[in-house]
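S.K.: First the structure, then my questions, so here it is.
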Amino acid sequence: MLWAGFGLASPAQDLLNEVSRLLNDYYGGFSQVRPEELKQKYQAELEKVCAQEVSCPSNKAYALIQALVAEYGDRHTRYFTPEDYAEIQRRLAGSSSARPQLGVQLQVVPGLEGLLVVEVLAETPAEEAGLRRGDRILAINGQALPQAEGERMDFLRERVAAGAPLSLAIQRAQQRLVLEVHPRIISLRQLPTLSLRPDGVAVLRIPSFSGYQQVGPRIHELVRQAQLAGAKAMVIDLRNNGGGVLSECLVGAGAFVKETYRRLQDNLRFSEQGFKEGYYYLRFGGRDRPQYEVQAVYWTGPLALLVNERTASCAEYFTFDLQEGRQALVIGQPTAGVGNTATIFLRLSDGSGLQVTTSRAQRKDGSFYPDRVTPSLNLSDDWYALAEGRDLMLEKAIELVMGVNAGLDARLYGPPPAPFYAQ
């Protein structure tokens, strides 16, 4: 009776109060939920969970807070446990991993043995060992991966985390290989890379937009390299790019359109930023204030972008800019659906974290962007074909930008704009 009369006094209660207050203060997205009603609903749930606790620990509230946040129906608004929040912050900062890693992204494909490699990150043990996109890891140190699909990732993680050299049995299309790989602590910074194909197509892979004043300038540098190499067309691969820092997608898109701009409207005020004439700027009181300069370059050739359902946030912004400002061909699946909002990360008192949508993204005319990118051509990744050595989405993009169909370039792109350079 005393417990009920005085209410909860516990870390779990403090955490719920903190989350509710921050959501009420900062949320500026499109959700129409009523914060006070949500607080009351989950307050009652917390009292049930903590009924037998003298001092209810924070972790008792984690599942409830995740459920509360999920009711906003906003994919830019999420709750992270302390461990997950620490990992998110390391990735955003481009710092080092917490434990040894290979530097690959993997996919379990129903009906296919092993783990499919869908990305090999630059300057990692996987790249150094010679792993490639489309390889399948079948066995580690002579021990086959589990048949049960849900156990394969953990099987690999446990062996990688030990940090000892690993012998990987690899299936590469019709070829069997054994590769020696040495897991280690790696940088989580994922910068864009460029590959120049013999047919004259430059493939620009942008895995992330995290890294202030790093990703945007790097895109301009790689576009310049493609121009100097005489590339005839370009494909920009944004598949699985979860976004990053707003400045970097605005600056990066400026290598393909002459100017980029976002107006971010929250519940009380708005802010403006963009890229033009070689500068990333913030606008205050109608005056542009340059933040950093780029040795800018402008791509004038045929262009296509690859996206999928995991292309999100800043990567959606980037795609919108090229789709609207350049009529660039977009191939793939509808994107994640957070391309019309901006978000911040807030560390909570117990080390957990909150990602909160703070504002809605607008064009110069004041109109809001749609929540997701709709591709010009709908096409899904074919993992079975990739395991045979073929990236069908990339192949289609190359076919189209090279103008295999008569007159395609003229219909899609029209006359190219004049080159623009900012020094």
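S.K.: Take the residues in region 354-374 that are more than 24 Å from Asp25 (Cβ to Cβ) and of a type in the set (Lys, Arg); name whichever of them is surrounded by the most Cβ atoms within 10 Å (Cβ to Cβ).
M.R.: Looking at residues that are more than 24 Å from Asp25 (Cβ to Cβ) and of a type in the set (Lys, Arg), I get Arg372.
S.K.: Please give the number of the condition Ala122 fails out of (1) free of Cβ contacts under 8 Å to residues at least 24 places away in the same chain; (2) open to solvent by 30 Å² or more (accessible area, probe 1.4 Å); (3) touching a strand residue (DSSP E or B) at 6+ places or on another chain (Cβ under 6 Å).
M.R.: Unmet condition: (1).
S.K.: Sticking with this one: Would you kindly identify the strands (runs of 3 or more DSSP E) lying entirely within region 200-279 that contain at least 1 residues that are out of contact with any His (no Cβ under 6 Å at 6 or more places or on another chain) and small (Gly, Ala, Ser)?
M.R.: Ranges flagged: 201-205, 233-237, 270-276.
S.K.: Moving on to the next point. Return the residues of region 60-75 that are out of contact with any strand residue (DSSP E or B) (no Cβ under 7 Å at 6 or more places or on another chain) and touching a residue at least 12 places away in the same chain (Cβ under 8 Å); say none if nothing qualifies.
M.R.: Lys60, Ala61, Tyr62, Leu64, Ala67, Leu68, Glu71, Tyr72, Gly73, Arg75, listed by residue number.
S.K.: Is it the case that some residue within region 279-289 is under 22 Å from the mean Cα position of the chain (by Cα) and either closer than 24 Å to Pro207 by Cβ or of a type in the set (A, V, I, L, M, F, W, C) (or both)?
M.R.: yes
S.K.: Using the structure shown, decide if Asp74 is out of contact with any Ser or Thr (no Cβ under 7 Å at 6 or more places or on another chain), at negative phi and open to solvent by 20 Å² or more (accessible area, probe 1.4 Å).
M.R.: When the stated conditions are applied, Asp74 does not pass them.
S.K.: Where the second residue is small (Gly, Ala, Ser) and surrounded by fewer than 16 Cβ atoms within 10 Å (Cβ to Cβ) and the first is under 17 Å from Trp383 (Cα atoms) and lies in region 125-139, which pairs have Cβ atoms under 8 Å and are six or more apart or on separate chains?
M.R.: Gly134/Ala173; Gly134/Gly389; Leu138/Ala144
S.K.: Somewhere in region 233-255, is a residue surrounded by fewer than 16 Cβ atoms within 10 Å (Cβ to Cβ) and farther than 25 Å from Gln89 by Cα?
M.R.: No, every residue in region 233-255 fails to be surrounded by fewer than 16 Cβ atoms within 10 Å (Cβ to Cβ) and farther than 25 Å from Gln89 by Cα.
S.K.: Moving on. Based on what the data block shows, is Ala98 closer than 24 Å to Ser210 by Cβ, loosely packed, with under 14 Cβ neighbours inside 10 Å and not hydroxyl-bearing (Ser, Thr, Tyr)?
M.R.: Yes: the conditions hold for Ala98.
S.K.: A further question on this structure: Looking at (1) more than 14 Å from Val235 (Cα to Cα); (2) open to solvent by 10 Å² or more (accessible area, probe 1.4 Å); (3) over 12 Å from the mean Cα position of the chain (by Cα), which one does Leu348 not meet, given that it meets all the others?
M.R.: Just one mismatch for Leu348, condition (2).
S.K.: Additional query: I'd like the full set of residues that are assigned to a loop (DSSP other than H, G, I, E, B) and surrounded by fewer than 21 Cβ atoms within 10 Å (Cβ to Cβ), limited to region 129-154.
M.R.: Scanning region 129-154 gives Gly130, Arg132, Arg133, Gly134, Asn141, Gly142, Pro146, Gln147, Ala148.
S.K.: Within region 286-345, considering only strands (runs of 3 or more DSSP E) that don't extend past its boundaries, which have at least 2 residues that are among the aliphatic types (A, V, I, L, M), open to solvent by less than 20 Å² (accessible area, probe 1.4 Å) and closer than 23 Å to Thr374 by Cα?
M.R.: 303-307, 329-332
S.K.: Being of a type in the set (Gly, Ala, Ser) and under 24 Å from Ser208 (Cα atoms) is the filter; apply it to region 245-293 and report the residue that is modelled with the lowest pLDDT.
M.R.: Once the filter is applied, the top-ranked residue is Ser271.
The values are calculated or read from the model by the stated rules, or taken from the named source; none is laboratory data. What you see is a predicted model; the values in this text were computed from it and never measured. Positions of Cβ are backbone-derived with ideal geometry, glycine not excepted, and every protein chain shown enters the neighbour counts. These accessible areas exclude ligands, DNA and RNA; they are computed on the full protein's heavy atoms, side chains included. Shrake-Rupley method; radii C 1.70, N 1.55, O 1.52, S 1.80 Å.
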